[in-house]
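The values are calculated or read from the model by the stated rules, or taken from the named source; none is laboratory data. On a predicted model such as this, the values are computed, not experimentally measured, just so you know. Note that we place each Cβ from the backbone using ideal geometry, even for glycine, and neighbour counts take in every protein chain shown. The accessibility values were calculated without ligands, DNA or RNA, using every heavy atom of the protein model including side chains. Shrake-Rupley method; radii C 1.70, N 1.55, O 1.52, S 1.80 Å.
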Amino acid sequence: METERTRAALVGVDFGTTDQANSLAELGLLARSAGVDAVLQITGRRQAPDPGLFVGSGKAEEIAAAVASHDLDLVLFDHVLSGAQQRNLERLLKVAVVDRTSLILDIFAQRAQSHAGRIQVELAQLSHLSTRLVRGWTHLERQKGGIGLRGPGETQLETDRRLIGERVKMLRVKLEKLTRQRTTQRRQRTRQGAFAVSIVGYTNAGKSTLFNALTHAQAYAADQLFATLDTTSRRLYLEGAGQLVLSDTVGFIRELPHQLVEAFKATLEETAQADLLLHVVDAASPARLEQIEQVNAVLAEIGAGSIPQILVWNKIDAAGLGPAVERDECDTIRRVALSAQCGTGMELLRGALLEAAVHFAQEPPLQKSKGPDSSLVELGA
């Protein structure tokens, strides 16, 4: 018997800093990825967030009326709420309120398959929880028994903080062990002289589809946000260059929670240690240029901002573009337009990888070129 899906309202407030339509559309995709049906959207404009209710009392009453009339179970905010704002809204709306950060964390928790992935997600969730402690006691009660763990004279809040701190400490020890194992594996590959390439990009840009097309692997690929959480690496043989190591990585997104970036550094280190990044872009997305900026911002945060990039303009079939290669003023390939799904232009990317691998083998390590040339004009513009 199919379980009834959660029905939600999406709420977005325009503060004049982002494209509200694209942002809410992305929130809708996040909701769908989490298994939530977005029944309606509620928008508004403000100069600044209201300290108590974020949207102000008038808009909050409007949301409450919509929740009651549509019999909704949840309200999703396309923003980051403080713990106090979330609690105040839940009292008024009489349903659960989830902000953008919590929604992304929930999707990661659903998708994490590997031991390392689950540890990193839980660490991110607890780091987020410790800043607000919304329903923190019931969350920890399921894990550690709760009753009988409270120390003499401790308040509920102190108990919550202590339990979270103990769990975080244990998870970090486990994560450090996994990080050492990954570092050892990377050192072995480095000694073997393998050219390391990481596929990066905005979530749902087609990274796993490209990875499968290049390596004939069976990595999970789906038309949904954050289909891939765990790094997958395969060897790829190129005639004229030999073996290279290709890695598929977790996708990035606008306002990716800092807790996730911090917790997933063990996974993202694969990207930071690469010799070349294939930065996959959804050529059909109207927000593609903003998405490129968001990805580069996260790459800079994890220490991968100076690694050479080739922009892979993917989904050209949906964008009405043809396969193409663009070079910069130094005659270095900086962009390849293709469709990983259809296979159009894949030979151009293999040629670009061959050229990069040969150049890397001939170039002294200290003279490696820096990151992407931001002066490139947009394809099809």
**In Å, descending, principal axis extents of the Cα set of the range 248-352** = 39, 29, 23
**Item:** Loop-located trypsin sites (Lys or Arg not before Pro) in the range 48-135 whose Cβ has at most 15 other Cβ within 10 Å (DSSP)
**Value:** LYS94, ARG135
**Request:** Quickly work out the ASP19-to-GLN47 label distance, labels modelled 7 Å from Cα along the C-beta direction, and quote it in nm with one decimal.
**Result:** 2.8
**Message:** Below 15 Å, Cα to Cα, which aspartates and glutamates can LYS169 reach? Residues fewer than 8 away in the same chain don't count.
**Reply:** GLU122, ASP160, GLU262
**Request:** Report Rg(Cα)/(2.2 N^0.38 Å) for the range 263-315, keeping two decimals.
**Result:** 1.16
**Asked** With a Cα-only, solvent-free Debye model of the range 291-337, what are the log10 I(q)/I(0) values at q = 0.15 Å⁻¹?
**Response** -0.50
**Prompt:** Once amide H atoms are placed 1.01 Å from N in the peptide plane, what residues at a sequence separation of 5 or more from ILE302, or on another chain, have their amide H within under 5 Å of its amide H?
**Reply:** none
**Request:** Taking all protein chains together and a probe of 1.4 Å, list TYR237, TYR202 from the most accessible to the least accessible.
**Result:** TYR237, TYR202
**Message:** In whole Hz and in residue order, list the ³J(HN,Hα) couplings for the range 330-335 that follow from phi through the Karplus curve 6.51 cos²θ - 1.76 cosθ + 1.60, θ = phi - 60°; x for Gly and Pro.
**Reply:** 9, 6, 8, 5, 10, 8
**Item:** Label-to-label distance, nm, for residues given as ARG172 and ALA300 (7 Å Cα→Cβ offset)
**Value:** 2.7
**Request:** Could you tell me what fraction of 2.2 N^0.38 Å the Cα radius of gyration of the range 16-86 comes to, as a two-decimal ratio?
**Result:** 1.12
